Structures are given as C-alpha cells and as structure tokens.
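Please treat every number below as a calculation from the coordinates, not as lab data. In this text the structure is predicted, and so the values were computed from the model without any measurement. Every residue, glycine as well, gets a Cβ built from its backbone with ideal geometry; the counts of neighbours run over all protein chains shown.
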Amino acid sequence: MKETETRIAVVGIIVEDKDAAEQVNALLHQYGAYIIGRMGLPYEKKQVNIISVVLDAPGDIISALSGKLGRLPGVSSKALYTKAGEREMGAAGDKA
C-alpha cells in the first residue's frame, strides 16, 4: 500500500473515567481532518461512554490515533480496518 493511500476504519472507544473525556476530545479534534463521523453513547447503567469514530486516513494515522487513545488512563480503544485500500472511484461513481 502506498503511503498516500487511505483506508476506512472504525475506532471504538470506551471511556470509563469521565475525567479523560477532555483528553479524548482533544485527540479527536487533532485528527478531525480524517474523521468522517462519530457517535457517542453514554451508558449510565455501567457508568461508561462509548464512542465510535469512522475515519478515512492512512493506516499509520489510524494506528496512531487508536494507540494514543488507548494509552489514556480509563480509556480503551481498538481499530477495525477495511480489508483493502480505498477503492478508486471516478467523478461520476462517488457512491457509498
């Protein structure tokens, strides 16, 4: 895979320590140019917040973000990647 090729990935984040929320949001802001969308779910029954972030980025960027998130105290993070690089699409073929 070329360095400039991107992949689609979902980064799953579980925040168990609410004090880490500011650091999580700062990292997501830092990588905002690569984020397609995000969804956050507070799960009060278990006192955790669950965040899914969808990225279109080079593999090293995705790994870096997931790793930085996972190193925060009270935060778990895993990335799920597409199996291949982004498919080339023509101007008229931009379909999901």
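A few notes on this one:
- Two-site FRET efficiency, ASP60 against LYS18, from Cβ-Cβ distance with R₀ of 30 Å, rounded to 0.05: 0.50
- Segment 1-51 pair-distance distribution - Cα-Cα, 10 Å bins, rounded %: 20, 48, 23, 8, 1
- Peptides 4-11, 30-37 ranked from most to least packed give 4-11, 30-37, packing being the mean of other C-beta atoms within 10 angstrom over each peptide's residues.
- Per residue, the average separation of C-alpha pairs within less than 8 Å and at least 6 apart gives segment 7-55 a relative contact order of 54 percent.
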